[in-house]
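Beneath this line is the structure, given in structure tokens, with notes to follow.
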Amino acid sequence: MEAGRVGCFIGLTTTDLIYRLERRLRPDEKMEAEEVWMGAGGPAANAAATFALLGGTAHLVTAVGDSPWAPTAVGDLEACGVRIHDRALSGSLPVSSVLLPGPGERQVVSANRRFIRVSTGPPPGLPEDVDIFMVDAHFPELVRSLLVRAEAPVVFDPGSPKPGVAAVLPLATTVVGSAMSRRDDPVEQVLDEWRRLGVRECAVTRGARPIHAFDGSRFDVAVPAVPAVDTLGAGDVLHGALAYGLAAGCGFRQALRTAAGVAAESCRYLGPRRGVEACGGTLFPV
């Protein structure tokens, strides 16, 4: 087994192009951006980058392919220290176009996994023993093929409702989702649903409001107040930091509280990296 905390992340990678604007666009209007960021996106990819920036060894099993914009995402992830295992069979890496028209606001257009196909099964070079898995629901067949005999804890980001969620949920030990993705469902109902499926630790984030969570009993986690510039990848950062905390031996409550702080810090900057880098690797036990 590799030295240090080793995490295996399975799921979507995109190339994100983020524009910070002074205000919302009017119909047919052109506008020059105040600031631009371009790099890797996607739940699993951003979580893997966070895990690596905090000091862990992150393996990302994803679909990259050979599209013209793939090197941008790959370069960003490799600069963070992420080790990429590409399972693309065909298609193009998705590109997400993101507008930030005001503090904490975002508008996102992406194809996600629609135009890319993946091969299942363990890729060459993937370590057999890891401390933690973190997965999203974009490639459920790939996730199931890698977790069928997994013994390490599994952190799951269900994201918005999609067919893959039901396939992956029974494999998870820890689930953290966003209330924004389940707008029509009361938070308590969502937590109860996950508990009935055997999830032992779960939480629902609610933006700047306290996180509702359960680990045998209900509790809330306060989210630090920050001047938000870009909230796009905050949930992904939280999943990556939570995975790191759990791999470091923290309990769910401590790991979730610290991860909420890392995620909040990431909102202070454009793009999902600078806030994590500002936190450094001193937040969790060595």
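The values are calculated or read from the model by the stated rules, or taken from the named source; none is laboratory data. Since the model is a prediction, treat every value here as computed from it, not as a measurement. A quick note on method: Cβ atoms are made from the backbone with ideal geometry, for glycine too, and the neighbour counts reach across all protein chains shown. The area values use the complete protein model at the heavy-atom level, side chains included, leaving out ligands, DNA and RNA. Shrake-Rupley method; radii C 1.70, N 1.55, O 1.52, S 1.80 Å.
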Identify the residue in the range 229-286 that is in contact with a Cys (Cβ under 8 Å, 6 or more places away or on another chain) and assigned to a loop (DSSP other than H, G, I, E, B) and, among all such residues, is most open to solvent (accessible area, probe 1.4 Å).
P285
Name the strands (runs of 3 or more DSSP E) wholly inside the range 1-57 in which the number of residues that are of a type in the set (V, I, T) is 2 or more.
6-10, 14-20
If I ask for residues that are part of a loop (DSSP other than H, G, I, E, B), over 22 Å from C250 (Cα atoms) and open to solvent by 50 Å² or more (accessible area, probe 1.4 Å), which ones from the range 137-164 would you list?
V148, R149, S160, P161, K162
Filtered residue count, the range 208-227, keeping only those that are in contact with a helix residue (DSSP H, G or I) (Cβ under 7 Å, 6 or more places away or on another chain) and either assigned to a loop (DSSP other than H, G, I, E, B) or open to solvent by less than 30 Å² (accessible area, probe 1.4 Å) (or both):
9
Of (1) in contact with a strand residue (DSSP E or B) (Cβ under 7 Å, 6 or more places away or on another chain); (2) on the phi > 0 side of the Ramachandran plot, L171 fails just (2)
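Residue-by-condition table, conditions (1) small (G, A, S); (2) open to solvent by 50 Å² or more (accessible area, probe 1.4 Å):
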{"site": "L77", "(1), (2)": "no, no"}
{"site": "C80", "(1), (2)": "no, no"}
{"site": "R83", "(1), (2)": "no, yes"}
{"site": "G91", "(1), (2)": "yes, no"}
{"site": "P101", "(1), (2)": "no, no"}
{"site": "R106", "(1), (2)": "no, yes"}
{"site": "I116", "(1), (2)": "no, no"}
{"site": "P122", "(1), (2)": "no, yes"}
{"site": "P127", "(1), (2)": "no, no"}
For the range 170-192, which positions are open to solvent by less than 40 Å² (accessible area, probe 1.4 Å) and part of a helix (DSSP H, G or I)?
A179, S181, V187, V190, L191
For the structure I just gave you, tell me whether C250 is out of contact with any strand residue (DSSP E or B) (no Cβ under 7 Å at 6 or more places or on another chain), in contact (Cβ under 8 Å) with a residue 60 or more places away in the chain and either more than 21 Å from R106 (Cα to Cα) or not β-branched (V, I, T) (or both).
no
Looking at the range 87-104, which of the residues that are in a loop (DSSP other than H, G, I, E, B) and touching a residue at least 60 places away in the same chain (Cβ under 8 Å) is farthest from L232 (Cα to Cα)?
L93
Unique match (being touching a Leu at 6+ places or on another chain (Cβ under 9 Å) and either among the basic types (K, R) or not in a loop (DSSP other than H, G, I, E, B) (or both)) among A203, A167
A203
In the range 69-80, is there at least one residue being in contact with a Lys or Arg (Cβ under 9 Å, 6 or more places away or on another chain) and in a strand (DSSP E or B)?
no
